[in-house]
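Below: the structure, in C-alpha cells.
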Amino acid sequence: MAQAASQQQQQLMEKLVALCKRRGFIFPSSEIYGGLNGFWDYGPLGTELKRNLKEQWWLWMTRWRDDVVGLDATIIMHPRIWEASGHVSTFSDPMVDCKTCKGRFRADQLHEIPCPRKPSKRVSECEGEKTEPRPFNLMFKTIVGPIESEENVAYLRPETAQAIFAQFKNVLETSRQKIPFGIAQIGKAFRNEVTPRNYTFRSREFEQMELEFFIRPDEAVEAIYGEVARPAGPGHPGPPQPNWGWQMWHQYWVEERIRFYESIGLPRAKLEEYWQKPEELAHYARACVDIQFQFPFGTQELEGIAARSDFDLSQHQRYSGRPMTVFDEELRTAWPKLEPSRQQRLQERYYQHRLGYLTRMGEPRDKAESLARQDADLLAKGYYIPHVIEPSAGVDRLALALLCQAYDEDQAPNEKGELETRVVLRLHPRIAPVKVAVFPLLKNRPALVEKALQIRDLLRPWMNVFYDDAGAIGRRYRRQDEAGTPFCVTVDFETLGEKGPELKDTVTVRDRDTMQQTRVPIAELPSWLQERLR
Ligand code: GAP
C-alpha cells in the first residue's frame with residue numbers, strides 16, 4: 001500500500017514538473033547548455049506566481065502592521081558579517097565522496113539519494129567506496145575588485161537575515177520604531193548545496209522572506225510590568241501585549257505564519273509544526289519550530305521560526321565594535337521603583353545569560369565576567385541588546401508547495417460532450433498568476449473581438465488579465481485551467497444583444513473549480529471579480 005502511495009506521489013511530481021515546463025512556470029536554468037544543477041528559472045506564469053506570493057507575504061508581515069518595516073540590502077556584504085554570524089566557521093554540511101562513481105553526497109542523506117550508477121539502490125546501499133565525512137562550507141565565494149587575493153574574498157549571502165542585523169541601528173534610528181518591532185526583507189540567497197534535489201525544493205540560488213522581530217529581554221519585561229506573560233496553552237495567543245516574554249512572541253509568530261499559509265491556500269491539515277528537540281537547537285536558540293508541509297516527496301520544512309535570543313546583535317557588537325544596545329525609557333523609569341531584591345534577581349539572571357553567551361563565544365573567563373557585569377549594570381540604566389524572533393521562509397519552497405497542493409485532475413466534457421481528464425491548478429485566487437482570461441467567442445467576428453478587448457482594458461487596472469482568441473473555446477478553458485486562472489470571461493452573441501436585449505452587455509464568467517457559468521453585466525465585472533479574488 002505504502003509503496004503504491006509513494007509511486008503515486010512520484011507520478012504526481014513528474015506530472016507537476018511536466019506541467020510547469022509546458023505552461024511556463026519553471027524551466028531548468030541555462031537549459032540550452034544542458035542546465036546547471038540546483039538553479040531554476042521562472043517563466044511567465046512562475047514569475048507572476050512568485051510576485052503574488054511575495055506581495056502577500058509583504059502585506060501580512062509589513063504593510064498591514066504598524067510594528068514591522070522593510071529593508072532591501074545588498075547580496076554581497078562585508079566578509080566580517082559572515083565571521084560574526086558564524087557562517088565562515090560553521091555553515092557547512094558533512095560531505096562524502098564516492099571513489100567509485102566520483103559522486104559527492106551529503107553524509108546525512110546517503111539513505112535517501114539514489115546511486116548515480118545504480119539508481120535502484122540508495123548511495124548508502126551501493127558498493128561504491130566512500131570517504132569519511134568532512135565539512136563542506138556552503139557559502140559561494142567571490143572576489144570584490146580587480147585583484148584576486150585572499151583579502152578581497154567576499155561571499156554571496158547564504159541568508160538575508162544578517163543584513164537586517166547589520167542595519168538594525170540605522171533602521172531603528174530612522175524609522176521611529178521602538179522595541180518590540182521587526183524588520184522584514186525579501187531577497188536572493190545562495191548556498192552551494194552538496195546535493196540539490198526534489199526539483200526546486202533544495203536549490204543553490206533561491207529567495208528568502210525573513211523577518212527579524214526584536215523584543216525586550218524577559219528581565220526588562222518583568223522590570224516594567226512586574227511579570228512576564230507566558231503561553232497558557234497551544235494556539236494563537238491573540239493580539240500582542242506589552243507584557244509578553246519571548247515564549248509568547250514565539251508562539252504568536254508560529255501561529256501567525258500558519259494563518260498566512262492558510263490564507264493563500266495551504267490547508268492546515270497539510271501543515272505540521274515540528275518543535276526542535278533541545279539537542280537539535282543551535283547553541284544560541286531557545287526554541288525553533290519548523291513549519292512543515294506534506295510535499296509528495298515527504299513532509300519537509302517550509303519555514304523555520306527561531307527564538308534566537310540576543311545572539312546575532314551581540315555578535316555584531318563584538319565584531320564591529322559598534323554598540324547594538326537600545327535605550328528603553330520605560331525600563332529606565334521602572335527600574336528605580338523595583339524592590340532591591342527584585343533588582344538584584346533580575347540583574348543576576350541577566351548577568352548569567354550574558355556570561356553564558358560570552359564564554360560560549362570563547363571570551364576568557366575574566367573578560368567575560370567583566371563584560372557581563374557591565375551589561376547587567378547597563379540593564380539597570382535602561383539599556384539592553386534586543387532579543388529576536390525570526391520567522392524565515394523560502395519563496396521557492398512555498399511556490400513549490402502551492403503548486404503541489406494546487407495540482408488536480410478531474411473529468412470535464414470536451415467539445416463533443418465526452419468526458420475527458422482535465423488538468424487543473426486549483427491555486428488560491430490571491431496567488432493565481434492570471435486572475436481572469438478574456439475570450440471573444442470567435443476571433444473572426446470584429447464586434448466580438450472589439451468588445452473583448454474593451455473588457456480586457458476595463459479589467460487591466462485592477463488585475464492581471466490574459467486575452468486569448470486562439471482555438472476552440474473549450475481548449476482555451478483547458479489552457480487556463482492548467483495555468484490556474486480562476487475565472488474566464490467569454491464575449492458571445494448575447495453580449496452583442498443579438499439574442500435579445502435582456503443579455504446585451506453581459507458576459508459569461510466561468511469558474512475554474514466548479515466549471516459553472518454565470519451571466520454578469522460588464523459594468524459590474526470589475527467589482528464582481530475583485531470580490532472573489534480578495
Ligand atoms: N536565517 C535563518 C535561515 O536562513 P534556514 O532554515 O537555513 O534559516 C530558511 O532557511 C528557509 O529558507 C527554509 O525554511 C527554506 O524555506 C528556505 N531555504 C533554505 N535553504 C534552501 C535551499 N537550498 N533551497 C530553497 N530554499 C531554501
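The values are calculated or read from the model by the stated rules, or taken from the named source; none is laboratory data. Please read all numbers here as calculations on a predicted model, not as lab measurements. Glycine also receives a Cβ, built like all others from the backbone with ideal geometry; neighbour counts cover every protein chain displayed. Each accessible area value is taken on the protein alone, full model and side chains, heavy atoms only, with ligands, DNA and RNA left out. Shrake-Rupley method; radii C 1.70, N 1.55, O 1.52, S 1.80 Å.
Is at least one residue of the range 389-406 touching a His at 6+ places or on another chain (Cβ under 7 Å) and either within 25 Å of TRP246 (Cα to Cα) or more than 16 Å from the ligand (Cβ to nearest atom) (or both)?
Initial filter on the range 389-406 (touching a His at 6+ places or on another chain (Cβ under 7 Å)): 389.
So of that shortlist, the ones also either within 25 Å of TRP246 (Cα to Cα) or more than 16 Å from the ligand (Cβ to nearest atom) (or both) come out as 389.
Looking through the range 389-406, at least one residue is touching a His at 6+ places or on another chain (Cβ under 7 Å) and either within 25 Å of TRP246 (Cα to Cα) or more than 16 Å from the ligand (Cβ to nearest atom) (or both).
Given the criterion over 35 Å from the mean Cα position of the chain (by Cα) and more than 16 Å from the ligand (Cβ to nearest atom), identify the matching residue among ARG342, ARG360. Spell out the reasoning first.
Values: ARG360 fails: over 35 Å from the mean Cα position of the chain (by Cα).
When all the criteria are applied, what remains is ARG342.
Within the range 173-193, if we keep just the residues that are more than 13 Å from the ligand (Cβ to nearest atom) and basic (Lys, Arg), the residue that is surrounded by the most Cβ atoms within 10 Å (Cβ to Cβ) turns out to be LYS178.
Out of the range 157-172, which residues are outside any helix (DSSP H, G or I) and open to solvent by less than 10 Å² (accessible area, probe 1.4 Å)?
The initial filter retains those residues of the range 157-172 that are outside any helix (DSSP H, G or I), namely 157-160, 167.
Residues satisfying the conditions are ARG157, PRO158, THR160.
Report whether or not SER85 is modelled with pLDDT of 95 or more and surrounded by fewer than 14 Cβ atoms within 10 Å (Cβ to Cβ). When the stated conditions are applied, SER85 does not pass them.
Looking only at strands (runs of 3 or more DSSP E) that fall completely inside the range 1-118, which ones have 3 or more residues that are of a type outside the set (Phe, Trp, Tyr) and over 27 Å from LEU425 (Cβ atoms)? First the steps, then the outcome.
Values: elements: 26-28, 40-42, 68-70, 92-97, 104-106.
Hits in the range 1-118: 68-70, 92-97.
Can you tell me which residues in the range 257-288 are open to solvent by less than 70 Å² (accessible area, probe 1.4 Å), without any contact (Cβ under 8 Å) to a residue 40 or more places away in the chain and in a helix (DSSP H, G or I)? ILE258, the sole residue that qualifies.
Only residues that are at positive phi and more than 16 Å from the chain's Cα centre (by Cα) were counted across the range 251-280, and they come to 0. At negative phi, surrounded by 19 or more Cβ atoms within 10 Å (Cβ to Cβ) and assigned to a helix (DSSP H, G or I) - does that describe any residue in the range 419-440? Scanning the range 419-440, I find no residue that is at negative phi, surrounded by 19 or more Cβ atoms within 10 Å (Cβ to Cβ) and assigned to a helix (DSSP H, G or I), so the answer is no. Among what's in the range 194-206 and is closer than 21 Å to TRP57 by Cα and open to solvent by 20 Å² or more (accessible area, probe 1.4 Å), pick the residue that is farthest from the ligand (Cβ to nearest atom). Checking each candidate, the answer is GLU205.
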